[in-house]
Structure formats: structure tokens, C-alpha cells
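Shown next, in C-alpha cells, is the structure this report addresses.
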Amino acid sequence: MARWQDDRMFRYLRRLTHGVTYTRWLHLCIPVSIFSVWMYISLDTWYFPALLMLPLGLIRAVRLEEGLQAQLLLTPDERGRADPTIAAAPSVTWAERWKTVCWIEVRMALSVVATIVTFWLPILTVEMILFSSGAATTGNIWLMSDMEPHWWYAPLAPVPLAVMLVSIPALGDLVTLMARRLLGPSPKERLLAMEERTEQLLERNRIARELHDSIGHALTVAVVQAGAARAAKDPEFTGRALAAIEETGRDALEDLERVLRVLREERKPTTQRPTLAEASRLFDSARASGVKLDVEVAGPLSGVPGPMSREGYRILQESLTNVLRHSGAVPVRVRMAVADGRLELQVSNPLSGSPGSPGGGSGLRGIRERAALLGGNAKTGPYNGEWMVHASLPLDRIR
């Protein structure tokens, strides 16, 4: 038990070496400057600055200023986070304004305590040392003015300094706790921050799917074409294979550059993402890889909304990539239909029966996620001796 208490005390005192301890102390000492200036004007009305600060908390912008200062000095490790415990936003409701008023008063009160701890406790140590030696004191500690000098003041002299060292982290914790209580984000601000964080995560997942589908498709086509060209040992076939690899690689580089521009947050317009109207280049790439493709289109694809058409293209791309990766050059049937307010996409091929047959992985999961985000659904798996990917997407939710 004693050892545990010693370790706890050591960890507490070790905080005196942390930078945040002193930024919090600086935050505590700032309001004292107002009192210090006012003391030169009127010592009898020392309370006047506290009354003067009361209406300032009702100003909307004061909460923003106090929040920024508190974030910078009290919780510097939270800067840049999407969910800080101290808000940096103007007051919106009257409840937030009155909390700001309370915060200002609490901060000024704690500032006075911090000044006493920082300034008067070291002076008390000096007074006790002078008292123990019988020398004249400085006269700053009025409580000791009527006391008689004695040697036993010397052993007690370090006590005020010890109290000061313990109080510095404690007061910093207290002012941070009060800031989180009185300047913390409201439920609406927390909801907005959560929505923003969700949007960022969705965007990252979308970019990850884009890279997986585009680059994965290009690499799969390149591997299949290179293997077929080596096995065929036909210069004419090798030339066609290299041309297909070149075209697929160029498309993948274009997609990669577009995604990288999004990640860099450049303001330059990015290349338009491919849509189902450009699905022919996917079919040409698959046929060049030896796939016997049967394509059937029903309904006007031009009427499919942009987001639906772009995501449908990626679903189709990943489906064909899975065929090439796991089954090779096999017959593939593609059905695209627009009817009854829905876009139906279906890709099927004979099951190879090999251990590498598709049945999971990030590609198929990405297909299901794309469909779910658009309010539809996607099914992947074996069906009547074939591997089938079927996506059904509602068009009316996107218009």
C-alpha cells in the first residue's frame, strides 16, 4: 500500500516536467493582469473587475475567444481533433451565454488562487527563514507581524514550497475540468462534429474502394495478358496483349491521379469518374484478356443518375476483375437493365471449382457497401453452378 502511494505521488510530481502543466498555469495567471492594473486605480474596489466581466460573457464572440484560448493552453493535445472536449464556437443559445459568464467568473476566482500560490507562498518561505534566524522580516505576510522569532520556523520553511508544487498541477486540472463543463460542446455541436467525422470516414472508404477497383482491375488484366502472351508465343497475340496492358494501365494511372488530387485537396477540377456509358472499355479489356463476353442491355442507361451510373461502373469493374482473377478466360454474361425505377446489374460465370474461387475479400465487400450506400442491395455467391454478382439499385433515391 505504501509503495503504491509512493508511485502515485511520483507520477503526480512528474507532471511538473510536462509542458501542459505550465501552459495551464499561464492560462490561470492571465486574468490577474486585469486586477493588477485596477489595483493602481482603486484598491478599495478590488471587486470591480469581476463585476465588469459579467456582461462580457453574454456577447456571442466571447465564447469563441475563450474556447480558442482554452484549447490552446489547457488541452493543446486536442488541437485539430474532430471531437475536442472544449468548443471553439460563438454562443448560439442563452444557456451557452450564461455558461460563458460562469466560466469567466470561475476563471478569475481560480486566477486569484493561483496568484496567491505562486507569489505569496514563496514569500512565506522567505519570511519563515528570516524569522528562524531572528532577522527582520519583509513585512509582506501580515499574519507573522505579531509572532515572535523562533528557530523552529526553519524546518517548516519548505512546507509552503511543497504546497505550491502540489497546487500547480491540481489547479491546472481544476481549471481544465471547469472549462470542459462550461465551454464544452453542446449536443448540437457534438452531432455536427460526429456527422463531419462520418463524412470523412465515408470519403476515405470511397477512395479506398476506388483505388482497389481501378488499380486491382488494371493489375489483374496485366497479369492475365502477360501470362497468355508468354504461353501463346505468338508475336501478333503478344502485340495485342501489350496494347491491352498499355490501355488498361493508362486508365488506371488516370484514376490514380484523380484520387491523389482528391487526397491533396487541390482546387483544380478533377477528371470525371467513368460511368456506365463508358462500360464498353471494360468489355474490350475483358475480351482482350480472352474472356468470352455476352452483354445484354435493356433500357436507357443515359437516364441513370450520375452517382448511380458511376458506382454501377465500379461494381461492374470489380465483378469482371474477380472473374479474371479467380476463373480466368471463361464465358461471362453481363446483364444491365433499367426498369421499374431500378438499375439491375448482373455478372455471372461458370464456377471453376478451384480453391481460389471468389467468395469474399475486400472487393466483394466493396460491391455490397456501394450498393448499400445507394439504398440498394447486392448479392454475391454461387447460384446454379455459376458465380453470380447481382446488384439492384433504386434510381428514385438519387435524383
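The values are calculated or read from the model by the stated rules, or taken from the named source; none is laboratory data. All values derive from a computational prediction rather than experimental measurement. When we count neighbours, we look across all protein chains shown, and the Cβ atoms used for this are built from the backbone with ideal geometry, even at glycine. These area figures cover heavy atoms from the full protein model, side chains too; ligands, DNA and RNA do not enter into them. Shrake-Rupley method; radii C 1.70, N 1.55, O 1.52, S 1.80 Å.
Here are the numbers for the structure shown:
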| item | result |
| --- | --- |
| Filtered residues of the range 56-96 (kept if open to solvent by 20 Å² or more (accessible area, probe 1.4 Å) and small (G, A, S)) | A61, G80, A82, A88, A89, A95 |
| Matching residues in the range 90-107 - criterion: being of a type in the set (A, V, I, L, M) and either farther than 18 Å from E65 by Cβ or modelled with pLDDT of 85 or more (or both) | A95, V101, I104, V106 |
| Residue selected from the range 64-117 under the condition over 28 Å from the mean Cα position of the chain (by Cα) and charged (D, E, K, R), by the criterion nearest to R24 (Cα to Cα) | R107 |
| Residue pairs meeting the criteria (Cβ under 9 Å; at least 6 apart or on separate chains; first more than 15 Å from Y22 (Cβ to Cβ), in the range 64-76; second among the basic types (K, R) and open to solvent by 40 Å² or more (accessible area, probe 1.4 Å)) | A70/R180; Q71/R79 |
| Residues of the range 251-288 satisfying the condition of being at pLDDT below 75 and either β-branched (V, I, T) or open to solvent by 90 Å² or more (accessible area, probe 1.4 Å) (or both) | L253, V259, V262, L263, R264, E265, R267, K268, P269, T270, T271, Q272 |
| Every residue from the range 111-134 that is touching a residue at least 40 places away in the same chain (Cβ under 8 Å) and surrounded by fewer than 19 Cβ atoms within 10 Å (Cβ to Cβ) | V112, V113, T115, T118, L121, P122 |
| Candidate set: the range 285-307, residues that are touching a residue at least 12 places away in the same chain (Cβ under 8 Å) and assigned to a helix (DSSP H, G or I); chosen: the one farthest from I245 (Cα to Cα) | G303 |
